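J.: For reference, the structure I am asking about is given below.
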Amino acid sequence: MDLVGIGIDVVEISRIFSSMEEFGDKFLARIFTDKERAYCERQKRPEMHYAARFAAKEAISKAFGTGIGREVSWLDMEILKKPSGEPEVQLRGAAAIKAKEKKVSQVMVSLTHSKEYAAANAVIMAS
């Protein structure tokens, strides 16, 4: 296996909470899939889980070397949770195309959060 890239991102949870308060559903629908939103809304502090997923998407885009916007969009990446509890990445649209171009075999993310911050790192491997 070959390393395609690694990425990391840290987000202030208060920043995500402020965007949720100011822009509401419009903000959430632009950044998060329906499945991500359903998961986060079931949690005690949804903003913390949204922030971790936001950071994961940023980290994945950095690992791809694209950033978010021109080549890969927020909704091209979905951060779900396996029954075991570990995060699982689903790629679609432009991200899935980019993964196919780079012969990606695995996208791994790790999420963490504290009272004030959420962070994620991503590792992308090719076969």
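The values are calculated or read from the model by the stated rules, or taken from the named source; none is laboratory data. It should be emphasised that the depicted structure is a prediction, and the values quoted were computed from it without experimental measurement. Cβ placement follows ideal geometry from the backbone for every residue including glycine, while neighbour counts extend to all protein chains displayed.
J.: Looking at the structure I just gave you, is residue 13 within 18 Å of residue 116 (Cα to Cα), touching a residue at least 24 places away in the same chain (Cβ under 8 Å), surrounded by fewer than 19 Cβ atoms within 10 Å (Cβ to Cβ) and touching a helix residue (DSSP H, G or I) at 6+ places or on another chain (Cβ under 6 Å)?
T.: Considered against the rule, which asks whether it is within 18 Å of residue 116 (Cα to Cα), touching a residue at least 24 places away in the same chain (Cβ under 8 Å), surrounded by fewer than 19 Cβ atoms within 10 Å (Cβ to Cβ) and touching a helix residue (DSSP H, G or I) at 6+ places or on another chain (Cβ under 6 Å), residue 13 comes out as no.
J.: Just wondering, is there one or more residues in the range 89-105 that are among the hydroxyl-bearing types (Ser, Thr, Tyr) and surrounded by fewer than 19 Cβ atoms within 10 Å (Cβ to Cβ)?
T.: yes
J.: How do the pairs read when you match residues in the range 58-75 that are under 12 Å from residue 31 (Cα atoms) and surrounded by 15 or more Cβ atoms within 10 Å (Cβ to Cβ) with residues anywhere that are modelled with pLDDT of 95 or more and of a type in the set (D, E, K, R), using Cβ under 8 Å and keeping only pairs 6 or more apart or on different chains?
T.: Close Cβ pairs satisfying both conditions: 58/9; 68/57; 68/58; 74/30; 74/57; 75/30; 75/92.
J.: Tell me, yes or no, whether the range 58-77 has at least one residue that is under 21 Å from residue 2 (Cα atoms), of a type in the set (Ser, Thr, Tyr), at pLDDT 95 or above and in a strand (DSSP E or B).
T.: no
J.: How many residues are closer than 16 Å to residue 59 by Cβ, within 13 Å of the chain's Cα centre (by Cα) and part of a strand (DSSP E or B) if we restrict to the range 78-120?
T.: Summing the residues that are closer than 16 Å to residue 59 by Cβ, within 13 Å of the chain's Cα centre (by Cα) and part of a strand (DSSP E or B) in the range 78-120 gives 17.
J.: Next question. Among the numbered conditions (1) surrounded by 14 or more Cβ atoms within 10 Å (Cβ to Cβ); (2) part of a helix (DSSP H, G or I), tell me where residue 123 comes up short.
T.: Only one criterion is unmet by residue 123, namely (2).
J.: If we scan the range 34-51, do we find a residue that is assigned to a strand (DSSP E or B), touching a Lys or Arg at 6+ places or on another chain (Cβ under 7 Å) and either surrounded by 15 or more Cβ atoms within 10 Å (Cβ to Cβ) or without any contact (Cβ under 8 Å) to a residue 60 or more places away in the chain (or both)?
T.: no
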